[in-house]
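The values are calculated or read from the model by the stated rules, or taken from the named source; none is laboratory data. No experiment lies behind these values; they were computed from the predicted model shown. Here the Cβ positions follow ideal geometry from the backbone for every residue, glycine too, while neighbour counts run over all protein chains shown.
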Amino acid sequence: MQALGRRFVRYVNDRYHRTGTLWEGRYKACLVDSDHYLLRCYRHIELNPVRAGLVPTPGLYRWSSYHANALGEHAPLITAHPAYLALDPQTERRAHAYRAFVEEALNPEELDVIRLRLQRQHALGGDRFRTMIEEQLQRRAGPAKIGRPRKA
């Protein structure tokens, strides 16, 4: 991602005769347990332009996957995830279900958890998912207990 970012910044700066960075900070990501959390992350992402005050509704933001997922528009760069496809086998009903899901009020605690896990690059999912990831990676994938370990 770092190399891709460097090339893209160079391209934009050359094309538009500008200098400097395009983004603040470094690229961050976190693993997501698709069973429960993936669509919540979709909703979080789709509503980012609304929260930022760029548009009143997610359908008005032209750089969003909302057009493909909620409105059924063809988007060759978007591949539907199995969790999204599981909403309904019929395309129109699936898009309707997705629209209704995105329109639900986003729980503030849920938003905080998504942001915190992303910021700290911890796995977003249940304890079982986090434990599985930690075993595979042989490293911590979630928050550690606060404080120093007790002396033996």
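Total residues in region 88-123 satisfying the condition of being within 18 Å of Glu46 (Cα to Cα), outside any helix (DSSP H, G or I) and either in contact with a strand residue (DSSP E or B) (Cβ under 7 Å, 6 or more places away or on another chain) or in contact (Cβ under 8 Å) with a residue 40 or more places away in the chain (or both): the figure is 2. Looking only at residues in region 102-120 that are within 27 Å of Ala68 (Cβ to Cβ) and aliphatic (A, V, I, L, M), the one that is surrounded by the fewest Cβ atoms within 10 Å (Cβ to Cβ) is Ala105. Among the conditions (1) exposed (fewer than 10 other Cβ atoms within 10 Å of the Cβ); (2) touching a residue at least 12 places away in the same chain (Cβ under 8 Å); (3) over 30 Å from Arg139 (Cβ atoms); (4) polar (S, T, N, Q), the only one that Thr21 does not satisfy is (3).
Exactly one residue out of Ala80, Ala29 is surrounded by 13 or more Cβ atoms within 10 Å (Cβ to Cβ), under 15 Å from the mean Cα position of the chain (by Cα) and in a loop (DSSP other than H, G, I, E, B), and it is Ala80. Quick one: would you say Ala123 is hydrophobic (A, V, I, L, M, F, W, C), surrounded by 11 or more Cβ atoms within 10 Å (Cβ to Cβ), within 25 Å of Cys30 (Cβ to Cβ) and in contact with a helix residue (DSSP H, G or I) (Cβ under 6 Å, 6 or more places away or on another chain)? It is true that Ala123 is hydrophobic (A, V, I, L, M, F, W, C), surrounded by 11 or more Cβ atoms within 10 Å (Cβ to Cβ), within 25 Å of Cys30 (Cβ to Cβ) and in contact with a helix residue (DSSP H, G or I) (Cβ under 6 Å, 6 or more places away or on another chain).
For region 69-76, the condition of being among the hydrophobic types (A, V, I, L, M, F, W, C) and in contact (Cβ under 8 Å) with a residue 12 or more places away in the chain holds for at least one residue.
Considering only region 126-152, state which residues are surrounded by 13 or more Cβ atoms within 10 Å (Cβ to Cβ) and within 19 Å of Leu38 (Cβ to Cβ). Matches in region 126-152: Gly126, Phe129, Arg130, Thr131, Met132, Ile133, Ala141, Gly142. With respect to the conditions (1) touching a helix residue (DSSP H, G or I) at 6+ places or on another chain (Cβ under 8 Å); (2) at pLDDT 90 or above; (3) polar (S, T, N, Q), Thr19 falls short on a single one, namely (2). Among the conditions (1) at pLDDT 90 or above; (2) part of a helix (DSSP H, G or I), the only one that Trp63 does not satisfy is (2). Against the numbered list (1) outside any helix (DSSP H, G or I); (2) touching a residue at least 40 places away in the same chain (Cβ under 8 Å); (3) crowded, with 16+ Cβ neighbours inside 10 Å, His36 comes up short only at (3).
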